[in-house]
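A.B. asks: Structure in structure tokens, see below.
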Amino acid sequence: MKKTLIASVVALASTTMLCAPAMAQETYFPIIAKGFSHQFWQAVKLGAESAAERNGVSITFEGPNTEAEIDKQTDILNAAIAKKPQGLGFAALDSQAQVPALQKAADAGIPIVAFDSGVESDLPLTTCTTDNMAAAAAGADGLAKAIGEEGEVAAVIHDQTSATGIGRRDGFLNRLAEAYPNITVVDVQYANDALKATETIKAILQAHPNLKGIFASNEGAAIGLAVALKETGSGIVGVGFDSGKTQKDAVRAGELLGSITQNPVGIGECVVDSLAKALAGETLPTTIDTGFYWYDATNMDSPEIAAVLYD
Amino acid sequence: MNVHDHSLDPKPVVELLGIEKSFPGVRALHNAHFDLRRGEVHALMGENGAGKSTLMKVLTGVYQPDAGEIRVDDAVVAMHSPQLAQGMGISIIHQELFLMNHLTAAQNIFIGREPRRGMGLFVDEAKMKADAAAIFRRMKVDIDPAGEVGEMTVARQQLVEIAKALSYEARVLVMDEPTSALNGTEVEHLFEIIRDLKAQGVGIVYITHKMDEVKRIADRITVMRDGEFIETLPAAETPMSTVISLMVGRELTDHTRASGAGAGEEVLRVSGLNRGSIIRDVSFALRKGEILGFAGLMGAGRTEVARAVFGADPVDAGEIRVHGKPCRIASPRDAVARGIAYLSEDRKHFGLVTGMSVRDNITMASWTRFTQNRIWMKDGALAEVAKEYVARLKVKTPTIAQETRLLSGGNQQKVVIAKWLLRDCDILIFDEPTRGIDVGAKSEIYEMLKELARQGKAIIVISSELEEILRLSQRILVMCEGRITGEIDGATATQESIMTLATQRDSEAA
Amino acid sequence: MTETTLAPAAPEKTGFLTVATLQKAVAFVVLILLLGFFSLFAPNFAQWSNMVNIMQATAVNGVLGVAVTFVIISAGIDLSVGTMMTLTAVIAGLILTNAGLPLPFGVVGAMLFGGFMGAISGACIAKLKIPPFIATLGMMQIARGLALVFSGAKPIYFNDTPSYYYISSGSVITRLIPGLEVPNGVLVMFGVAIAAAVILNRSILGRYIFALGSNEEAARLSGVNVDMWKIVTYGLSGLICGVGGLLISSRLNSAQPALGLGYELDAIAAAVIGGTSLSGGRGTILGTIIGAFIMSVLTNGLRVMGVQEEWKIVITGIIIIAAVYVDTVLRKKA
């Protein structure tokens, strides 16, 4: 074990050094995500790397340990700016708190492209993102149709403070309120990991025996939804968000009705492509919608969908 | 030498009348009286558990009495907090000092009521230092108000405590065993300060076990026993044997003196033991069946030698032979494996696991012997053997499941002895074996040590009480400044001969 | 209690309510009160299916609570139990999914690895004299980092080992007693608790843990090999974390490498609510299990009532403080 450890440390150190912009001529973009351990970010990274190769630029892909560590992310951002890169990709954990740090990059003349969630300022040239409100509304539509547009439903949201959490929650709730007057939302709870989501959903099922459907707002919540439905043997309709093997298997087996996937690979490509375009002097629209897809057992193996799903 | 001021103001500053105080399961004070006059030293005496400390805690507002009256300047007072007592000029200096080691002397003295400046936002360190220096001048001591208390000797720390009490304009000062950690010179210095305070009209309550001190410093003596007031006597006219018999409630019998090295085989030989300047070239031998006394002043290095032999502290050099075989003792575990046991004076910290039962404490060093497959405890066997030792050593405890913290000092010591006997240790090193133990229980412990020696155990007794050393030891080794300055036969030794060796410092020895 | 004689106090004869049993009783009474409260005010709470939910929700925290109880009684602390659980889950994934070995290897491997890492914490504390808080704080980060490194920051799934799911889910009891649907994970928790209680009360290790926690120096001067027993204690904690890792990854049918942070505080809270003293020397496994149940009943009940997560956290905090306050009051009265 010791040897592996040393080997991996050495490997890690050398990759970092290789990636560092030692040569001033080479075009280098640091890409700062909200995290790296989640599968979603791994897929974004994949897209960014392939676009980097296509454009002949070098990138680094970093992020804090968890999506709550705003301060850590700001440190990473400052370190990246200090390297004087030619462009910067940034997925802000907080849409306002990190504006001053970004201002430094803008002052240094570094073009900025925001991704995943926006920044409340005009500093980024563009934002590559999923329209979370629209995506969650599509989930609401799927759920509503499956339960005959009437009855009780609930939602489990992964986070009460982030832009994605708020956007998906409001997108889901607003759509139901506007289009489906016979559907009542009986409970909205929050759970930030798969086990806590499991327990939360089981408690919701307990409290509301007449419940017809549940919406889970990210991969962790969706895993919890799949596990809870399996453990209770409940036949209600579940709709998830993002992908991941557990969720995909549950959709394929019919345990979950379906799910919304973003296009993480597309987001990654969008960031690097946009930065390259900005350097070439092209003008960019304020936001680039990278799109989302509704998938269920019937369409998940189609090439278009399969390409954006990840394990 | 004696300064008995006969122009005393006969009206008491404080008076305690008919004080009653009970704790769950025990009556600590019953009909206790005490009074203190201006400018007198009033010794409060009694065995451990006689209620001296409890009574003083009532006086200083730590405990509220169940019944009785506290009068200050002839007015009845409800002494509901130590702060109130301090405000009235009544301060106590506990046996264990309550100082903050990382703060300076001045900061300790004025803690909680620091002089302020800058609209009360900042501490006026300069004024605080000057005030502290003034108090030290009044006491005629040379202590740096800016010095860290943790760096000072115990004697100096005590002076800081006294200064703190004086800073409250103390009229009454309670001193609980103030000399227990002081050496001869330091005691003399303390007495001078006490005399000065007396002259300034401060009344002093002096709690002690030491008769000679009482004789020298006290004006009156009050004796307590079993929580009750026994008698108040003038110190000058009362023979100490009277005081002792009042304390114990019976006459003490005289004891026989032992002598000779004993004919037993040599079980322990220590040669050339060295550790910095703390242990310097210490060599000695111990035989089966003998009690070897280690005498000396506080800090002479006796405890350090014992801990080194026991493997509790590392040494620079030295050879230890057990039963003739040289052996390496690097930890208490090694020592115990060779049958050496060390019984610390501080039983609560080093001897007992006070939160555990009598059974567990007696068997602790032997637990490995009472297991099945080296994993599971044989609790039945443990209980049996614990009961056997409780009976053998006459440990007074309701059951073997009793937590040892609830036992008296003497019974705690017996539990520790039982632990080592059960572990088959045949070399027993006792460090202050009767520290914190009642006069009555002391003689029982002495008999036990003698009996153990008769049974063939080899015993070392370290004691600061000369009487104890003389009463127990066949041979006496005297230490001073880390060296052994001499050996005396138990039968011919006198307090004077021991003290001469105990104060034989380097310069004089050369 | 207030007999006024000079006879030595005999607390054993003050009745069957000694402090220890009173404390346990208090935690138990709180548990019953909570169950009663939610039965009255949370619709659909008082159903067998929900009791099963609660038991299942207690399993992981209960097991981690037991792990940390050993260490706390020895006057230490283990902040690494949460991430250690995650690391052992990843190890099980490596053995079963990546290496494709049979189930027993994964189970034993995860537990032994946990024990090994725990022993490293113990060695840092015993040999390098690093305070337990610091040593296990470091181990918490090491375990978290290694979990991400070993898994490649991706979840490891157990789809190749279908039987893995039955460690936590499914019910052996139902087969024996039809209708009694207690999930296996709950049985594992009770099994761990019983084994732990036996070790704590009957084995020489348990005896040394109490001795170390009450007065380490006295134990050392009694010739006890203090260093070794500390290493064994932390190793045992790590081993039990391994069981926790199996439970959670079996339940989620995947080892989630990013999970686990914060679970150590829930485990410590369970132990403290159950009357384990953070200053060492005092505590019971039963208390910890009751503490873990109090926490999950509270969480479940508030969720069934529809109370927001935020308030649930606040109320848990209040319960922890109240529990320790009651403990202090009882201690003073004794």
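A.B. asks: Condition check: open to solvent by less than 50 Å² (accessible area, probe 1.4 Å), among the small types (Gly, Ala, Ser) and either in contact (Cβ under 8 Å) with a residue 24 or more places away in the chain or farther than 24 Å from residue A:293 by Cβ (or both). Does residue A:68 satisfy that?
C.D. replies: no
A.B. asks: Going residue by residue through region B:468-481, is there one that turns out to be under 20 Å from the mean Cα position of the chain (by Cα), farther than 28 Å from residue B:273 by Cα and touching a residue at least 12 places away in the same chain (Cβ under 8 Å)?
C.D. replies: Taking every residue of region B:468-481 in turn, none turns out to be under 20 Å from the mean Cα position of the chain (by Cα), farther than 28 Å from residue B:273 by Cα and touching a residue at least 12 places away in the same chain (Cβ under 8 Å).
A.B. asks: Just checking, does region B:372-381 include any residue being among the hydrophobic types (A, V, I, L, M, F, W, C), open to solvent by 70 Å² or more (accessible area, probe 1.4 Å), modelled with pLDDT under 90 and at negative phi?
C.D. replies: Yes, some residue in region B:372-381 is among the hydrophobic types (A, V, I, L, M, F, W, C), open to solvent by 70 Å² or more (accessible area, probe 1.4 Å), modelled with pLDDT under 90 and at negative phi.
A.B. asks: Same structure, new question: Please work out if residue B:423 is basic (Lys, Arg), crowded, with 17+ Cβ neighbours inside 10 Å and within 14 Å of another protein chain (Cβ to nearest Cβ).
C.D. replies: Here the answer is yes, as residue B:423 does meet what is asked.
A.B. asks: Mind listing just one residue for me: the one in region A:92-151 that is part of a loop (DSSP other than H, G, I, E, B), touching a Lys or Arg at 6+ places or on another chain (Cβ under 9 Å) and of a type outside the set (A, V, I, L, M) and, of those, most open to solvent (accessible area, probe 1.4 Å)?
C.D. replies: Per the stated criteria, the residue is A:150.
A.B. asks: Related question: State whether one or more residues within region B:391-400 are assigned by TED's automatic domain parsing to the domain that holds residue B:451, closer than 24 Å to residue B:446 by Cα and in contact with a Phe, Trp or Tyr (Cβ under 8 Å, 6 or more places away or on another chain).
C.D. replies: Yes, there is a match, as at least one residue in region B:391-400 is assigned by TED's automatic domain parsing to the domain that holds residue B:451, closer than 24 Å to residue B:446 by Cα and in contact with a Phe, Trp or Tyr (Cβ under 8 Å, 6 or more places away or on another chain).
A.B. asks: Among the listed residues A:203, A:197, A:155, which satisfies the condition of being within 14 Å of chain C (Cβ to nearest Cβ), open to solvent by less than 10 Å² (accessible area, probe 1.4 Å), within 29 Å of residue C:296 (Cα to Cα) and assigned to a strand (DSSP E or B)?
C.D. replies: Result: A:155 is the single residue among A:203, A:197, A:155 that is within 14 Å of chain C (Cβ to nearest Cβ), open to solvent by less than 10 Å² (accessible area, probe 1.4 Å), within 29 Å of residue C:296 (Cα to Cα) and assigned to a strand (DSSP E or B).
A.B. asks: Same structure again: Which members of region C:294-334 meet the condition of being without any contact (Cβ under 8 Å) to a residue 40 or more places away in the chain and not in a helix (DSSP H, G or I)?
C.D. replies: Across region C:294-334, the qualifying residues are C:306, C:307, C:308.
A.B. asks: Restricting the search to region C:174-198, which residues are open to solvent by 40 Å² or more (accessible area, probe 1.4 Å) and part of a loop (DSSP other than H, G, I, E, B)?
C.D. replies: C:177, C:178, C:179, C:180, C:181
A.B. asks: Filter region A:206-217 down to the residues that are surrounded by fewer than 24 Cβ atoms within 10 Å (Cβ to Cβ), more than 10 Å from chain C (Cβ to nearest Cβ) and of a type outside the set (D, E, K, R) and list them by number.
C.D. replies: Within region A:206-217, A:210, A:211, A:213 meet the criteria.
A.B. asks: Scan region C:143-160 residue by residue and report those that are surrounded by 16 or more Cβ atoms within 10 Å (Cβ to Cβ), touching a helix residue (DSSP H, G or I) at 6+ places or on another chain (Cβ under 8 Å) and either touching a residue at least 40 places away in the same chain (Cβ under 8 Å) or assigned to a loop (DSSP other than H, G, I, E, B) (or both).
C.D. replies: Scanning region C:143-160 gives C:143, C:144, C:146, C:147, C:150, C:151, C:153, C:154, C:155, C:156, C:157, C:158.
A.B. asks: Checking residue B:241 against (1) open to solvent by 60 Å² or more (accessible area, probe 1.4 Å); (2) modelled with pLDDT under 85; (3) under 23 Å from residue B:94 (Cβ atoms); (4) part of a helix (DSSP H, G or I), only one condition comes out false. Which one?
C.D. replies: (3)
A.B. asks: Take the residues of region B:326-362 that are hydrophobic (A, V, I, L, M, F, W, C) and without any contact (Cβ under 8 Å) to a residue 12 or more places away in the chain: which is nearest to residue B:437 (Cα to Cα)?
C.D. replies: B:350
A.B. asks: Identify all residues within region B:72-92 that are open to solvent by 60 Å² or more (accessible area, probe 1.4 Å) and under 19 Å from residue B:18 (Cα atoms); write none if there are none.
C.D. replies: B:73, B:74, B:76, B:78, B:80
A.B. asks: OK, next. For region C:161-173, which positions are surrounded by fewer than 18 Cβ atoms within 10 Å (Cβ to Cβ) and more than 12 Å from chain A (Cβ to nearest Cβ)?
C.D. replies: Listed by number, the residues that qualify are C:162, C:163, C:166, C:172, C:173.
A.B. asks: If we keep just the residues of region A:161-194 that are within 12 Å of another protein chain (Cβ to nearest Cβ) and open to solvent by 60 Å² or more (accessible area, probe 1.4 Å), which is farthest from residue A:260 (Cα to Cα)?
C.D. replies: A:161
A.B. asks: Restricting attention to region B:343-357, which residues are in contact with a helix residue (DSSP H, G or I) (Cβ under 6 Å, 6 or more places away or on another chain) and either at pLDDT 95 or above or more than 9 Å from every other protein chain (Cβ to nearest Cβ) (or both)?
C.D. replies: B:343
A.B. asks: Now for a different question. Does residue B:161 qualify as being assigned to a helix (DSSP H, G or I), under 20 Å from the mean Cα position of the chain (by Cα) and free of Cβ contacts under 8 Å to residues at least 24 places away in the same chain?
C.D. replies: No, not satisfied.
A.B. asks: Follow-up question, since we're still on this one. Counting only residues that are at the interface with chain B (Cβ under 7 Å from one of its Cβ atoms) and open to solvent by less than 10 Å² (accessible area, probe 1.4 Å), which one in region C:208-234 is nearest to residue B:378 (Cα to Cα)?
C.D. replies: C:211
A.B. asks: Could you grab me the full set of residues in region C:299-314 that are buried (at least 22 other Cβ atoms within 10 Å of the Cβ) and of a type outside the set (S, T, N, Q)?
C.D. replies: C:301, C:303, C:304
A.B. asks: Could you tell me whether residue B:306 is touching a residue at least 60 places away in the same chain (Cβ under 8 Å), under 29 Å from residue B:468 (Cα atoms), touching a Phe, Trp or Tyr at 6+ places or on another chain (Cβ under 7 Å) and open to solvent by less than 10 Å² (accessible area, probe 1.4 Å)?
C.D. replies: Yes.
A.B. asks: Out of B:131, B:66, which single residue is open to solvent by 70 Å² or more (accessible area, probe 1.4 Å) and modelled with pLDDT of 90 or more?
C.D. replies: On inspection, the qualifying residue turns out to be B:66.
A.B. asks: Follow-up. Which residues, taken from region C:273-290, are hydrophobic (A, V, I, L, M, F, W, C) and assigned to a loop (DSSP other than H, G, I, E, B)?
C.D. replies: Residue satisfying the conditions is C:278 alone.
A.B. asks: Select from region C:33-52 the residues that are surrounded by 15 or more Cβ atoms within 10 Å (Cβ to Cβ), aromatic (Phe, Trp, Tyr) and more than 9 Å from every other protein chain (Cβ to nearest Cβ) and list them in ascending order.
C.D. replies: Scanning region C:33-52 gives C:37, C:38.
A.B. asks: Looking at (1) within 22 Å of residue C:326 (Cα to Cα); (2) within 12 Å of another protein chain (Cβ to nearest Cβ); (3) not in a loop (DSSP other than H, G, I, E, B), can you tell me which one residue C:55 breaks?
C.D. replies: (1) is the only condition that residue C:55 fails.
A.B. asks: How about region C:266-309: which of its residues are within 14 Å of chain A (Cβ to nearest Cβ), modelled with pLDDT under 95 and closer than 26 Å to residue C:214 by Cβ?
C.D. replies: Scanning region C:266-309 gives no hits.
A.B. asks: Only residues that are within 10 Å of chain C (Cβ to nearest Cβ) and either free of Cβ contacts under 8 Å to residues at least 24 places away in the same chain or surrounded by fewer than 19 Cβ atoms within 10 Å (Cβ to Cβ) (or both): list them for region B:382-402, please.
C.D. replies: Within region B:382-402, B:382, B:396, B:398, B:399, B:401 meet the criteria.
The values are calculated or read from the model by the stated rules, or taken from the named source; none is laboratory data. All figures in this text were calculated on a predicted structure; none of them were measured in a lab. Please note: Cβ atoms are built from the backbone with ideal geometry, for glycine as well, and neighbour counts cover all protein chains shown. Remember, those area values only see protein heavy atoms, side chains included, never the ligands or the DNA or RNA. Shrake-Rupley method; radii C 1.70, N 1.55, O 1.52, S 1.80 Å.
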